[in-house]
1. Please identify the pairs in which a residue from the stretch 19-31 that is within 8 Å of Arg54 (Cβ to Cβ) and of a type in the set (Asp, Glu) has its Cβ atom under 8 Å from the Cβ atom of a residue that is at pLDDT 95 or above and assigned to a loop (DSSP other than H, G, I, E, B), counting only partners at least 6 apart or on another chain.
2. Mind checking whether some residue in the stretch 292-311 is buried (at least 24 other Cβ atoms within 10 Å of the Cβ), of a type outside the set (Val, Ile, Thr) and over 16 Å from the mean Cα position of the chain (by Cα)?
3. Residues that are over 17 Å from Phe28 (Cβ atoms), touching a Leu at 6+ places or on another chain (Cβ under 9 Å) and not β-branched (Val, Ile, Thr): does the stretch 198-214 have at least one?
4. So, restricting to helices (runs of 4 or more DSSP H) that lie completely within the stretch 359-475, which ones have at least 3 residues that are surrounded by 15 or more Cβ atoms within 10 Å (Cβ to Cβ)?
5. Within the stretch 333-358, can you find the residues that are at positive phi and either buried (at least 24 other Cβ atoms within 10 Å of the Cβ) or part of a loop (DSSP other than H, G, I, E, B) (or both)?
6. Is it fair to say Leu259 is closer than 25 Å to Val213 by Cβ and surrounded by 24 or more Cβ atoms within 10 Å (Cβ to Cβ)?
Amino acid sequence: MNFIAACTDSQIEEIRDKTADILETVGFRVEHADLLRRCQEAGAGVDLASGIVRFPRSLLAELLAGVPVEYTVTGADGAEYTIGREHQHLHAIVTDPWIVDYETQAPRRPRLDDLRLHTALAQELKQVAFVSLMDFPVTDVEGPTSSLRAFEEHVLGHAKHTWVFATDLERYRHFLEVGKIVAAAQGKELDGSRLLSVAVGVLSPMVVTGLNVEFLLQACAHDFPVIPTVCPMAGMSSPYSLAGTLLLGNVELIGLAALTQIVRRGHPYLYAFGPSAADMRSGHDLYYTLDKVLWKIAGAQLGKSYNMPIAVEAGGSMTFRYDQQNGAEGILFMLAALGAGANTINGIGSTYNAIGMSAEMMVIHTAWLEAARFLQRGIRFDERRLGLESIRRTGPGGSYLTDDLTLYCLRQREFFAHPLFDHAGGAEVGEPLLARAHEQVQRLTANVESPLPEQAQEAIRRYCAEQYRKAASPG
C-alpha cells in the first residue's frame, strides 16, 4: 500500500535523462590519477589536467547494467542478509556527537558506557542487521587513544554485519584487521567474506576525493559492498530547490555507481541518498526537516528505476526533545522509509538533526517501524474479515463479543498494539512511551557479554593493545 508518491513516472524519467546529460557533458571530478587512467581505458572522456571524467550515455548505461539487483552480506556470527528486491533490514548507529541523556533529557557528549550500551542494544534488537560506528572520541578517555578505545568496545560488542564509516585510512585499517580476526575465527579469509561494507563519500557538488577513491579501491579489492555517502545541502552544495537537490544527488549517486563498476564490474552497490537544506538565515544544515519525507520517497523511486538495492534513513527529528514534534516527524519519516520500499532503513536511534541519538530512541524507532508496517498493510478485505456472515448471524441488537470472527481476529493481530505504546485510553494511567522504552533498554542489556568467540575477543584485545602502545610512543 503506497501512501504518497513524490514524483510521477515522467518526472523520474526526466531526472534520469538529465542525470545522463550532466554526466556526459559536465562530468565528475576524480582526484585520483590511477582511477582517472582506469576511466580513460574504460571509454570515458577524461581531462587529466582538471580531473574531470565524462561518461558517454552508452558507456553509462553499460556500467549501470552491471550493478547487482541484490547481494548478500554476513555477520560475525555467520548470519547472512540479502539486500535488494523485497528484503528489508535495519541499520543502527551507536554514537553521535551528542547523546540525549535519559535522566536529564538533554544533550551531552558521548561517554564510553554510552557506546557500550548502544552497541549491546544493537546486538540484542532482532530487527537490526547492520551496525556502524561514527569516529568520535569519548569524554571519559583522554588523549589520542579516545577514538580507538571506543572502536575496541564497539567491535567487541556485536556480531552483526559492520558498515565501515572511516575518517582516514588508519581507521579503515583497524576495521580491516579486526575483520581478518573475525573471518579467521570462522575459518575464512576476509576477502569474499562480506563481513564489511564500506562507505564511500562524494564531496558535493560532484567531486570524489583521493581518500574516498582509496576507500572505493579497497572495497572493490576485498569484495566489500559500497555504501555511497551522498549528502548535498540545498542552497550550499546543491541547488536551492527540492527538485534541484534531488537531481544533483542522483547525479552523484549514479556517477559513483559508474566509477565503482569501472573499478570492478558487478560490484555490489547500495543506492543511498541523504540530502538536507541550508537555513539561509543562519547557515545551519537542516537535516531532518519534513522536506526529507519527499526526498526519501523520491530517492527510493529513483533507486528502483535503476534496479538497485535502496537505502533510506529511519530518523529522525530536528529536536532532541521527546515531544510532539519528535513523534510527528519520527513516525512520518519511518512511514516514508517503509512505504518507499527501502531495502535498508538506516540509522535507528538518530535524532536531534542527525547529530544526536539515544538508546531509548533506538527502541522507539523499532516501535515506529511496527506502527508504519501496520499502516502500510492497510485494511485486509478477505471474505472472512469482511464479516458478512457475522453480521447476518448476530442481527440487530446483538453482540459480537463471542463471535467466531472476534475470536479469530484476536489471534491474528487485526488491530494495532505494541508494548511501547500506551493503550490505556483513559481507563487507567499507563506509563509514557519513553519510560517503557527505557525499561526495554535496561531489560535487553542487563546481562550482555561479547557475542564473539573467545579466541576472536583475545585477538582483538591484543591488536588494540598494540595500537595503544604505538600511539603512546609514536617515534
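The values are calculated or read from the model by the stated rules, or taken from the named source; none is laboratory data. Because the structure is predicted, anything quoted here is derived from the model rather than measured. FYI the Cβ positions are ideal-geometry reconstructions off the backbone, even for glycines, and counts take in every protein chain you see.
1. From residues that are within 8 Å of Arg54 (Cβ to Cβ) and of a type in the set (Asp, Glu), the pairs are Glu24/Phe55; Glu24/Pro56.
2. Yes: the stretch 292-311 contains one or more residues that are buried (at least 24 other Cβ atoms within 10 Å of the Cβ), of a type outside the set (Val, Ile, Thr) and over 16 Å from the mean Cα position of the chain (by Cα).
3. Within the stretch 198-214 (the criterion being over 17 Å from Phe28 (Cβ atoms), touching a Leu at 6+ places or on another chain (Cβ under 9 Å) and not β-branched (Val, Ile, Thr)), the answer is no, since none of the residues qualifies.
4. Filter on the stretch 359-475 gives 359-377, 433-444, 454-472.
5. Those that are at positive phi and either buried (at least 24 other Cβ atoms within 10 Å of the Cβ) or part of a loop (DSSP other than H, G, I, E, B) (or both): Gly341, Gly347, Gly349, Tyr352, Ala354.
6. Against the criterion (closer than 25 Å to Val213 by Cβ and surrounded by 24 or more Cβ atoms within 10 Å (Cβ to Cβ)), Leu259 qualifies.
Rundown of residues vs (1) within 27 Å of Ala472 (Cβ to Cβ); (2) charged (D, E, K, R); (3) surrounded by fewer than 20 Cβ atoms within 10 Å (Cβ to Cβ), yes/no style:
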site	(1), (2), (3)
Gly143	yes, no, yes
Lys160	no, yes, no
Val164	yes, no, no
Arg171	yes, yes, yes
His174	yes, no, no
Ala183	no, no, no
Leu196	no, no, no
Val200	no, no, no
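Okay, residues lined up against (1) under 30 Å from Ala199 (Cβ atoms); (2) at pLDDT below 95:
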position: Met362; (1), (2): yes, no
position: Ala372; (1), (2): yes, yes
position: Phe381; (1), (2): no, yes
position: Arg385; (1), (2): no, yes
position: Thr394; (1), (2): no, yes
position: Thr402; (1), (2): no, yes
position: Cys409; (1), (2): no, yes
